[in-house]
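The values are calculated or read from the model by the stated rules, or taken from the named source; none is laboratory data. Just so you know, these numbers come straight off a predicted model, no measurement behind them. Cβ atoms come from the backbone with ideal geometry, glycine included; neighbour counts cover every protein chain shown.
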């Protein structure tokens, strides 16, 4: 009887997974293909499908199935699909059931309506036009938090949506460590003199050719992936065999290339999940911090490495002979690893990126606590940019309006970007220990050894375990440790800029 009940639960969850992926497809289309005037009807469609998925999931029937199967699931092997599905579904149901379907629908509707407003506000440097939808999204997020019993801090509720089990005080402790160790590192590099990138011209058509060549070398295939331009790059898809990544292009630098490698990392995580988990709640990355570890790994630990460029620089130089004709690979490697405080998060270098995240983390907590009128958000943003990065923000387009997240109500998301950086370094230490010839393979344009290692040790697991359990299975500890990332940065920058490799 328990097996029959389990099969019934899995069948119901498969239908809900289909609805959730339909929401993802509608969202992808909204940002990539949909004509602007489709925004209002798309908002209703997203709200409707999201509400139906939520209602079906929190139904008494699902709750009863989960309750009936708890004991049976505990009797199964902990690593089995059966045990994993029951315990993960139980935890998801317990949190989701506290949220009224009408509120869930309104959150989806508001996010869909806010996105085109943000696009126009960003384009026109017009924070005032974005303020009403931002205020509504923030109010909805507060109503969402009110659905739960707060044990410590309100921010814990939204942080848990993206990084299960993580607490605000733990993130704050980690970020304090980063502020203590990364800020001095940035100053040490700055003391070496002018490190800014050169002015270049990179016509977009050649960029598209080169990016696809890199993506295909990494593991992008035309039968299961697609790559499209958008305003703010993201990764999405409808399943393990339908991976959709996006990018954007610039004519004066190759930031789009690194964005594409970043989104590839997200896509590969979803692509390499065990097919047996498809159409279940287990068939996605375990957390956004772990997801970000994969995107930052491919963007930085691979894509900004010297072995990578020893292979690919001759091809890039051939595509841009006038721009890069006087370069050698070492000069180009130094340039793509320049350390210089900058305005835009997604274009920030490895040494300053986490400071962008800390700024947003602190602002989100202040917004939820009503520490300042929302009209003052640009001033608060600009003040922190000066405090952390020593940069004067010239306009809101390059400041408070640069990220898409708040238009979607995604408060609690930003910390996972920095956590992902830290996790990437923890995983990387294990990867290079297991694959001592890894960098040699990069020089040969071979990335299958890394791809296969990640599939076997991380990707295939999907969401079977908690983020801490997953990290422990990969690196031997359940704790996110900032020290390996700081060590990686210092050793890399020491080789480039001649600063000490260790701190006395």
* Within segment 379-401, considering residues that are outside any helix (DSSP H, G or I) and at pLDDT below 95, the one surrounded by the most Cβ atoms within 10 Å (Cβ to Cβ) -> 391
* Which ones in segment 74-90 are assigned to a helix (DSSP H, G or I) and either in contact (Cβ under 8 Å) with a residue 24 or more places away in the chain or in contact with a strand residue (DSSP E or B) (Cβ under 8 Å, 6 or more places away or on another chain) (or both)? -> 81, 82, 84, 85, 86, 88, 89, 90
* **Looking only at segment 145-172, and only at residues there that are farther than 22 Å from residue 286 by Cβ and assigned to a helix (DSSP H, G or I), the one that is farthest from the chain's Cα centre (by Cα)** => 145
* To do: Scan segment 225-265 for residues that are under 14 Å from the mean Cα position of the chain (by Cα) and either in a loop (DSSP other than H, G, I, E, B) or not assigned by TED's automatic domain parsing to the domain that holds residue 344 (or both) and report the count.
  => 3
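So, in segment 365-378, of the ones that are in a helix (DSSP H, G or I) and free of Cβ contacts under 8 Å to residues at least 24 places away in the same chain, which residue ends up nearest to residue 143 (Cα to Cα)? Show your work before the answer.
Taking segment 365-378 first, the residues in a helix (DSSP H, G or I) are 365-368, 374-378.
Narrowing the set further to residues that are free of Cβ contacts under 8 Å to residues at least 24 places away in the same chain leaves 366, 376.
Values: 366: 16, 376: 22 Å.
Per the stated criteria, the residue is 366.
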* Asked: Does segment 402-413 contain at least one residue that is surrounded by fewer than 20 Cβ atoms within 10 Å (Cβ to Cβ) and farther than 30 Å from residue 136 by Cβ?
  -> no
* Structure fact -> Sole miss for residue 460 among (1) crowded, with 21+ Cβ neighbours inside 10 Å; (2) more than 30 Å from residue 191 (Cβ to Cβ) is condition (1)
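Could you pull out the residue among 410, 424 that is closer than 21 Å to residue 159 by Cα and not in a helix (DSSP H, G or I)?
Working: 424 fails: not in a helix (DSSP H, G or I).
It is 410.
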* Structure fact -> Only one of 425, 433, 448 is surrounded by 15 or more Cβ atoms within 10 Å (Cβ to Cβ) and more than 30 Å from residue 120 (Cβ to Cβ), namely 425
* Residue by residue through segment 225-236, note down the ones that are modelled with pLDDT of 95 or more and in contact with a helix residue (DSSP H, G or I) (Cβ under 6 Å, 6 or more places away or on another chain). => 228, 235, 236
* Could you give me the residue pairs with C-beta distances under 8 Å whose first residue belongs to segment 165-179 and is on the phi > 0 side of the Ramachandran plot and surrounded by fewer than 17 Cβ atoms within 10 Å (Cβ to Cβ), whose second residue is at pLDDT 95 or above and part of a helix (DSSP H, G or I) wherever it lies, and which are 6+ apart or on separate chains? => 165/467; 165/468
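Could you please let me know if residue 52 is crowded, with 16+ Cβ neighbours inside 10 Å and either at pLDDT 95 or above or not in a helix (DSSP H, G or I) (or both)? Spell out how you get there, then give the answer.
Numbers: crowded, with 16+ Cβ neighbours inside 10 Å: yes; either at pLDDT 95 or above or not in a helix (DSSP H, G or I) (or both): yes.
Here the answer is yes, as residue 52 does meet what is asked.
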* List the number of the failed condition for residue 139; all other conditions in (1) without any contact (Cβ under 8 Å) to a residue 40 or more places away in the chain; (2) assigned to a loop (DSSP other than H, G, I, E, B) hold. => (2)
